1. Can you name the residue in the stretch 201-222 that is in contact (Cβ under 8 Å) with a residue 40 or more places away in the chain and buried (at least 19 other Cβ atoms within 10 Å of the Cβ) and, of all such residues, is nearest to the chain's Cα centre (by Cα)?
2. If I filter the stretch 96-108 down to residues being surrounded by 14 or more Cβ atoms within 10 Å (Cβ to Cβ) and part of a helix (DSSP H, G or I), which single residue comes out as modelled with the highest pLDDT?
3. Starting from the stretch 172-198, take each residue that is in contact (Cβ under 8 Å) with a residue 40 or more places away in the chain and list its partners that are hydroxyl-bearing (Ser, Thr, Tyr) and part of a helix (DSSP H, G or I), counting only C-beta distances under 8 angstrom and pairs at least six apart or across chains.
4. With the structure loaded, tell me whether MET320 is within 30 Å of ASP169 (Cβ to Cβ) and surrounded by 11 or more Cβ atoms within 10 Å (Cβ to Cβ) or whether it fails that test.
5. When you go through VAL132, VAL149, VAL211, VAL113 one by one, which is the residue that is aliphatic (A, V, I, L, M) and touching a Gly at 6+ places or on another chain (Cβ under 8 Å)?
6. Mind telling me which of the residues VAL132, VAL168, VAL149 ends up being part of a helix (DSSP H, G or I), at pLDDT below 80 and among the β-branched types (Val, Ile, Thr)?
7. Taking the residues in the stretch 188-199 that are farther than 18 Å from ALA99 by Cβ and surrounded by 15 or more Cβ atoms within 10 Å (Cβ to Cβ) as candidates, determine which candidate is modelled with the lowest pLDDT.
8. Of everything in the stretch 297-335 that's aromatic (Phe, Trp, Tyr) and in contact (Cβ under 8 Å) with a residue 12 or more places away in the chain, which residue is nearest to ALA274 (Cα to Cα)?
Amino acid sequence: MFGIDMNVLVIAALIGVSALSVAYALLFNRVETERKQEKRLKGIKNNSGDRQSRLQAEARLADTAKRRQNVQNQLKELEEQTKAKDPNKKGIKEQLRQAGMSVSVRQFYLFSVLFAVFAGFMALILSGSIFVAGAMLVIGGIGMPRWFVGFRKKRRMKAFLEEFPNAVDVITRGIKAGLPLNDCIGIIATEAKEPVRSEFKKIIETQQMGVPMTEAIQKLYKNVPLTEANFFGIVIAIQQGAGGNLSEALANLSKVLRDRKKMKAKITAMSSEAKSSAAIIGCLPFIVTFLIYITTPDYIMLLFTHSTGNLILLGSAVWMSCGIMVMRQMINFDF
């Protein structure tokens, strides 16, 4: 084949194989050592990467635990401050401010005295009884003015709850757009409806006096003693202390406020029947008494002219008051 003897080719092939075998036998230990070294180096690199990953994971867990502990401590401090400074336990000065009334305490007491004198004088003229006049004097001096302040306060708190979720939404959108928190609160202080506008304006004025933003917002709960206002102050305080996504936190707060509003409306709708029944039952004795007085006045006047009738009226008033209070507690949902 090609002029080469077959025996020569076989001998050459055997010589090549023999040379390769000898070379492999001589270099086997070196190749095996290099392979083991390469495998060991690869294992060391993998272990180093796994260790670094473990260290990073442990660092992240430690950081998360530290932030969680920081948030828990801040919540505990805020809860203690809220209990120590409960705005519902203040005097008439705080009540007037929460009701949005610009009268001073002195003017309030002066008005109470004048109204008491007027109510007592009118009761004395109409009834001719000194006891009725004295009762109206007490009611007109203590009961009616404070009831009026409570009525104004309740109406103002209701108006605040109607507008407050919209204000939180505006702040959330402003922060997402890149505006700082101060500018967002300034927008609410100029564009929102009352009483949200005036309360946020107080926050801006308080901050301009040098008070930090967190403390200025926490003062909102003193002027507006609502759980929703306290939630807002807590969210801002936690974000300022522990960090985090403020827009996301405020968006969640807005959702919670709207869900609470829906739940309150649902409770009001479900309890309206019970309230109507309680109102009918409470008014029924007075309506029956008035109708009997129109038809047969001599029959019903014994309750007012005779001593036994007076005792019956007194007992009826006591039991009627107990029944009204019980029905009120049954239909009054704490929400």
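1. Only one residue fits best here, namely TYR221.
2. Residue satisfying both the conditions and the ranking: PHE108.
3. Within 8 Å, the pairs are THR172/SER247; THR172/SER254; ILE175/SER247; LYS176/SER247.
4. no
5. Checking each option against the conditions leaves just VAL113.
6. Checking each option against the conditions leaves just VAL132.
7. Filtering the stretch 188-199 for residues that are farther than 18 Å from ALA99 by Cβ and surrounded by 15 or more Cβ atoms within 10 Å (Cβ to Cβ), the one modelled with the lowest pLDDT comes out as ALA192.
8. Checked the stretch 297-335; the qualifying residue nearest to ALA274 (Cα to Cα) is PHE333.
The values are calculated or read from the model by the stated rules, or taken from the named source; none is laboratory data. Keep in mind that this is a model prediction, so the values were computed, not measured. Because the Cβ atoms are built from the backbone with ideal geometry, glycine has one as well, and the counts that use them run over all protein chains shown.
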